[in-house]
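Have a look at the structure below before the remarks.
The values are calculated or read from the model by the stated rules, or taken from the named source; none is laboratory data. Source: prediction; values computed, not measured. When we count neighbours, we look across all protein chains shown, and the Cβ atoms used for this are built from the backbone with ideal geometry, even at glycine.
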Amino acid sequence: MDKKIGLFWLRDDFRLAKNHGLAEATTNHDEVIVFYLYKKDVYKDQEAQKWWLSKSLLNFEKQLNNLNINLEIVETNSFKIFFDNLIKKKDFAIYWNKVYEPDYLKFDQYLLSALKNKNIKHKRFKGNTLNEIDEIKKSDGTPFKVFTPFWRTAEKYYIEKVPLKNKIIKKCKKQINYLKNCIGAEKILPNKKWFKNFEKIWFPEEKNALKELQNFINERIANYSEGRNFPNIVGTSKLSPFIKFGQLHVETIWDECIKKKPKTVGTSKFLTEIGWREFNHSLINHFPHMLKNNYSKKFDKFPWEKNSKFLNAWKKGLTGYPIVDAGMRELYSTGWMHNRVRMIVGSFLVKHLLIDWKDGEKYFRNCLLDYSPASNVAGWQWVAGSGADAAPYFRIFNPILQGEKFDKEGEYVKKWVPELKDLSKKFIHKPWEFSNQKFKLGKDYPYPIVKHEVARAKALNAFKKI
Ligand SMILES: Cc1cc2nc3c(=O)[nH]c(=O)nc-3n(C[C@H](O)[C@H](O)[C@H](O)COP(=O)(O)OP(=O)(O)OC[C@H]3O[C@@H](n4cnc5c(N)ncnc54)[C@H](O)[C@@H]3O)c2cc1C
């Protein structure tokens, strides 16, 4: 047993299962500290996630305390300054799991070499993906740009590879304190209490993630291919925030899914969606420019329009298109939005309103509990047409037809846009065709901010310019 203190740098891995770095720390050391570095300036644009993060820290702390491990949180705006100071102490060994984002991986290189220079014992482990980013490449060694061949290769590679042994986390001898100037997890909560509704819906803890996974596998996975399209029902897993914060490792998802016999079309489809997450992580690491700019350079010349009135109407769910407004209100109220509706509201912003996808991406970043740079940026660029393997720009979602097809009875709209609750199926997705004594368009619900046909023609015209 190593006499030094074992440190585990907690990032997106709020779990005990398949947490290789933490397991290694408890195997090698009697005394272990888990620490989290809170970057306030990063989270200033991730308001909803401040809530999830704060709750995750509180819940994980309890799990760790049962193992005689303390969780210490330090606020810092620079990993480098923190570690340059820490390294001076030299009385520790350190472990962590990878986060597959270019900034994290770049910092890892700095840290690995600083630790090596000072002779400090350290080890970095695989993070929360099925495969390492560099493991999946085309036969000519270049990265995939198209999803289907990527996933065919990635799935096969994963099935054939020998998984890392799952080490058990051991109980430590005694609980100690180590870092100075620590803060409490409550300090991370947003000041305004707008997130109160989240507390009724979400329980950010590993055991709930595992329970939700089992519920999904037992009750919904068989019908997932079909059920995932309809926002009025719970047809998907709703595991995304748990996956983002690592309450659930995707390998656990894989293992539990394939245990279920017989394997259904739903299971394959579901694992393919996990594959999209893998693809997005591969993309942002091989093409990091896409995190801030268009993946496809020809979109740099796209004539986006600045229109704060339209942007605000979209954010508030007051565009006059019921399915769009329902989605935006679901997002603000619950911190989550159904995938189909994400595509509809995204398409509406970039194509009907001609507003740059970056504005949408920023708003989602602030409101989504599952926000992840890889999937948010790739999702937005997929919608806009500027991404890799994206929907072509000229494919413009018609919000009326999308509503009529995927929310036939208007149940989803009525849930989130209650001012339309008395409209019949015939009018629920085009309330401008309805009028009576009780319902006045322009007073009870807005007129559409743009006309679909006019906006569509304008978008196609703008696209011709690039
Ligand atoms: C504009 C836009 C922005 C998005 N932003 C994010 C984001 O910030 N974070 C995020 O996790 N997902 C994002 N997505 C992808 C997708 O909408 C969500 O992952 C999904 O809705 C989460 O719900 P679920 O857990 O019930 O998904 P399920 O259908 O149950 O899928 C299971 C898991 O697979 C992954 N997944 C599913 N669909 C996708 C997809 N299209 N792309 C990548 N991974 C997927 C997620 O980890 C998800 O939890 C975005 C999609 C769009 C169109």
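Here LEU368 does not qualify as out of contact with any Gly (no Cβ under 7 Å at 6 or more places or on another chain), of a type in the set (A, V, I, L, M), under 28 Å from ASN232 (Cβ atoms) and modelled with pLDDT of 95 or more.
Rundown of residues vs (1) of a type outside the set (A, V, I, L, M, F, W, C); (2) within 23 Å of the chain's Cα centre (by Cα), yes/no style:
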| site | (1), (2) |
| --- | --- |
| ASP2 | yes, no |
| PHE8 | no, no |
| ASP13 | yes, yes |
| ALA23 | no, no |
| ILE33 | no, no |
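Select from region 226-276 the residues that are of a type outside the set (D, E, K, R), assigned to a helix (DSSP H, G or I), touching a residue at least 60 places away in the same chain (Cβ under 8 Å) and within 10 Å of the ligand (Cβ to nearest atom) and list them in ascending order. Listed by number, the residues that qualify are SER240, PRO241, ILE243, VAL250, LEU271, THR272, ILE274, GLY275, TRP276. Among the residues of region 394-453, count how many are in a helix (DSSP H, G or I) and either of a type in the set (D, E, K, R) or out of contact with any helix residue (DSSP H, G or I) (no Cβ under 7 Å at 6 or more places or on another chain) (or both). Looking only at that region, the number is 11.
Residues in region 115-149 that are in contact with a helix residue (DSSP H, G or I) (Cβ under 7 Å, 6 or more places away or on another chain) and within 16 Å of ALA374 (Cα to Cα): ASN128, THR129, LEU130, ASN131, ILE133, PRO143, PHE144, PHE147. For region 359-409, taking the residues that are among the acidic types (Asp, Glu) and within 8 Å of the ligand (Cβ to nearest atom), the one that is nearest to the chain's Cα centre (by Cα) is identified as ASP370.
Residue-wise test of (1) buried (at least 21 other Cβ atoms within 10 Å of the Cβ); (2) of a type outside the set (Asp, Glu).
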{"site": "ASN218", "(1), (2)": "no, yes"}
{"site": "SER225", "(1), (2)": "no, yes"}
{"site": "PRO231", "(1), (2)": "yes, yes"}
{"site": "LEU239", "(1), (2)": "no, yes"}
{"site": "PHE245", "(1), (2)": "yes, yes"}
{"site": "GLU251", "(1), (2)": "no, no"}
{"site": "TRP254", "(1), (2)": "no, yes"}
{"site": "LYS260", "(1), (2)": "no, yes"}
{"site": "LYS263", "(1), (2)": "no, yes"}
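Looking across region 321-348 at every residue that is outside any helix (DSSP H, G or I) and more than 9 Å from the ligand (Cβ to nearest atom), the one that is surrounded by the fewest Cβ atoms within 10 Å (Cβ to Cβ) is identified as GLY335. Remark: LYS55 falls outside the filter, which requires a residue to be at pLDDT below 95 and out of contact with any Lys or Arg (no Cβ under 9 Å at 6 or more places or on another chain). Does LYS269 satisfy the condition of being modelled with pLDDT of 95 or more and crowded, with 17+ Cβ neighbours inside 10 Å? When the stated conditions are applied, LYS269 does not pass them. I want to confirm something. Restricting to region 391-424 and keeping residues that are closer than 28 Å to LYS298 by Cβ and touching a residue at least 60 places away in the same chain (Cβ under 8 Å), which single residue is surrounded by the fewest Cβ atoms within 10 Å (Cβ to Cβ)? Step by step, filter region 391-424, then rank; the result is PHE394. Screening ASN280 against (1) under 24 Å from VAL250 (Cβ atoms); (2) more than 10 Å from the ligand (Cβ to nearest atom) leaves a single unmet condition, (2).
Scanning region 278-288 for residues that are surrounded by fewer than 21 Cβ atoms within 10 Å (Cβ to Cβ) and outside any loop (DSSP other than H, G, I, E, B) gives ASN285, HIS286, PRO288. Between LYS301, LYS292, LYS351, LYS316, the distinction of being more than 10 Å from the ligand (Cβ to nearest atom), surrounded by 17 or more Cβ atoms within 10 Å (Cβ to Cβ) and of a type in the set (D, E, K, R) belongs to LYS351 only.
When you scan region 454-461, do you find a residue that is part of a helix (DSSP H, G or I), closer than 25 Å to TYR332 by Cα and of a type in the set (A, V, I, L, M), even just one? Checked region 454-461: no residue is part of a helix (DSSP H, G or I), closer than 25 Å to TYR332 by Cα and of a type in the set (A, V, I, L, M). Of all residues in region 150-163, those satisfying the criterion of being exposed (fewer than 12 other Cβ atoms within 10 Å of the Cβ) and of a type outside the set (Asp, Glu) are LYS156, ILE159, VAL162.
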